[in-house]
Every structure is written in C-alpha cells, then in structure tokens.
Amino acid sequence: MKVVLFCGGLGMRLRDYDENIPKPMVTIGYRPIIWHLMKYYAHFGHKDFILCLGYKADVIKQYFLDYNECLSNDFILADGGRQIELLNSDIHDWRITFADTGPASPIGERLRQVRHYLEGEEMFLANYADCLTDMDLPAYVEHFRARKRIAALVTVAPSSSFHYVGASDGLVTSVRDVHGSKLRVNGGFFIFRREIFDFVREGEDLLDDAFPRLVEQQQLLGYEYNGFWKAMDTFKDKQQLDELLARGNPPWEIWRRKGADA
C-alpha cells in the first residue's frame, strides 16, 4: 500500500528548537523523525511514499536528494577511499513522491491534493509524520480489512503528565492522573479506503470536517493500541526520544530486532 505523510505543518511548539527546520526533519539522533517513520512502514513492505509538503518543503526535498547511504549504514572503505562497499542500505528500493500542497493547507486539503497520486489504490496508509510506535502494522491492516469501513485511526492513552480535575459549583470533586482514565486520544496511523475522498471537501480539515461525517455514517474505526507510541510535539518530546535512542534498542526500531523480517 502507498503511504501518505502529512509534512506541511509549521510545528509551532518546536520552533524554539530551530525555526528553519520543518517538524518532520527534526532529528532523533542524527536521522530526522520522518526517516524513522518511513523505515517503520518500509519494514512491513510499504515503500511507496507520498509526502504532502508545505512549510520548508525545500529542506525535506534536499535531504533526500543529498541522501548518503554511507552515513546511515555500515560500509567498507578500500583502495584509499576510491572503493566503497555498502554492507546494507536504507532507501534504495523506496519510491518517494514529493507533492507541494501549500504552506497553509489543512490536512484534509493536503490529502485531497494528492488524490491523483492514489489512482488505482483500494486502500492506503497515512500519518502525521511526527509520531512513532512499535505497533504490529499487519495486524492493524487485517483488522481494518475485515470490518469493511472507510477509515480507521489508532487510539492511544494520553502521554502527558497532566491531571484531570472534576468540579461542581466551583469546588473540585476529583483529581485524577490521565493514565488512570479511560480516555483515548488520536494516535494518527490512519488507514483509508478510496471512498475517503467522498468525505473530504476543498479547503477542509480531516479531523474537524471529514471525520464527523464518517462518524455520522459509522464509517470510522478506532483501533486501540496500548504498546509504545510517542509523538514529537515539543522539545521535551524530542529529548525523550533522543534518550530512548541513546540507551540502545529504542522500541520503535522494530527492524533491528532479531528475526524481524516482515
């Protein structure tokens, strides 16, 4: 299946990190988060990507135009540097479509603009390009296929450290940690059938406009996942992902696990 990645947002909560870098290009270790996400999908055989670009689109394009496999993989240098033998590679079999969908377009409009790149696709995957997981993707896809709905999203437990406060007549009645609640939030990792375009109108958002129509017609599935999931919304989130990587064997790098062939 093709994978649509929404890469056009401003990433305002990460602007203090570097306002000249689009959010998908913020690094975890020395690779941008979009690389980690694409590597996840590619591990399961989904290597045809459509990048919906907007803010700082040139930075994302240039990264892949200048991509050097030697910087991301083991290699042998011989003959005084005149011979390089790659021992493995990352993106040699990826196909990436770079689509400029406007600097200020909402996500629904970005999706609508790449519709023609999805001709002939019965189903496709989509993502915000800023979150990582160790979820069993084939199990999620099979769950979606079996239920014959138009769209699905992954639901996860809130990852923040906030507490919910209950109140009545101005008096607090309860204070509960978010992790102890039954609340679920949108974790991205969407699956769509082609009929999604019947619900997305020009200039609209995906969640605020198209999804309520899907809900009304009982066409939106929620796939509950309780394993590792982490979004990079703030600089603190980036630091936490960097720390997981530095410890070795970060949970989202399922392609490195023993016997991990998809």
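The values are calculated or read from the model by the stated rules, or taken from the named source; none is laboratory data. Everything quoted here is computed from the prediction, not taken from an experiment. Reconstructed Cβ throughout: ideal geometry from the backbone, glycine too, with neighbour counts over all protein chains shown. What goes into the accessible areas is simple: the full protein's heavy atoms, side chains included, and nothing from ligands, DNA or RNA. Shrake-Rupley method; radii C 1.70, N 1.55, O 1.52, S 1.80 Å.
Placing +1 on the Cβ of every Lys and Arg and -1 on the Cβ of every Asp and Glu, with no other charges, gives the chain a dipole of roughly 480 debye about its Cα centre. The mean accessible area for residues of region 36-187, using a 1.4 Å probe and ignoring ligands and nucleic acids, is 53 Å² per residue.
Each residue was assigned an accessible area with a 1.4 Å probe, and for Val165 the value is about 90 Å². Put Lys148, Lys39 in order of accessible area, highest first, and with a 1.4 Å probe you get Lys148, Lys39.
Note on the chain: helix-only mean residue ellipticity at 222 nm, from DSSP H runs of 4+ residues weighted -39500 (n - 2.57) and normalised by residue number, equals -6500 deg cm²/dmol.
Spin-label pair Asp66-Asn88: with each label point 7 Å from Cα along the Cα-Cβ axis, the two points sit 2.6 nm from one another. The residues Arg176, Arg257, Arg82, sorted by heavy-atom accessible surface at 1.4 Å with ligands and nucleic acids left out, run Arg82, Arg176, Arg257 from largest to smallest. For region 192-246, with all protein chains in place and a probe radius of 1.4 Å, 43% of the accessible heavy-atom surface sits on carbon or sulfur.
Mind running the shape call on region 191-262? Use the C-alpha gyration tensor, a ≥ b ≥ c as the square roots of the eigenvalues: rounded below 1.5 for a/c, prolate if a/b tops b/c, oblate otherwise. Because a/c hits 1.5 or more and a/b exceeds b/c, region 191-262 counts as prolate. For the pair Glu224 and Asn249, a Förster radius of 30 Å applied to the C-beta separation gives a FRET efficiency near 0.75, rounded to the nearest 0.05. Expressed to the nearest 5 percent, the antiparallel share of DSSP beta bridges inside the chain is 55 percent. Considering only Gly227, Ala146, Val215, and ranking their Cα positions along the charge dipole of the chain that arises from unit charges at the beta-carbon of Lys, Arg, Asp and Glu, the one farthest toward the positive end is Ala146.
In the chain, the longest principal axis of the Cα atoms and the axis of helix 33-43 are about 80 degrees apart. Look at the dipole of region 27-117 built from charges on Cβ: of Gly54, Ile84, Trp35, the Cα furthest out on the positive end belongs to Gly54. Name the shape class, rounded, prolate or oblate, that the alpha-carbon gyration tensor gives for region 83-218, where a ≥ b ≥ c are the square roots of its eigenvalues, rounded holds for a/c under 1.5, and otherwise prolate holds if a/b is larger than b/c and oblate otherwise. The shape class here is prolate.
Given +1 at the Cβ of Lys and Arg, -1 at the Cβ of Asp and Glu and no other charges, the dipole of region 65-179 around its Cα centre is 700 debye to the nearest 20. Largest first and in whole Å, the equivalent-ellipsoid semi-axes of the chain read 32, 24, 19, each the square root of five times a Cα gyration tensor eigenvalue. Across the chain, C-alpha contacts under 8 Å between residues 6 or more apart give a mean separation that, scaled by the residue count, equals a relative contact order of 25 percent. A probe of 1.4 angstrom, applied to the heavy atoms of all protein chains, finds Arg193 with accessible area near 30 square angstrom. The heavy atoms of Phe199 offer some 20 square angstrom of accessible surface to a 1.4 angstrom probe. Within the accessible surface of region 77-151, defined with a 1.4 Å probe on protein heavy atoms only, the carbon and sulfur portion equals 47 percent.
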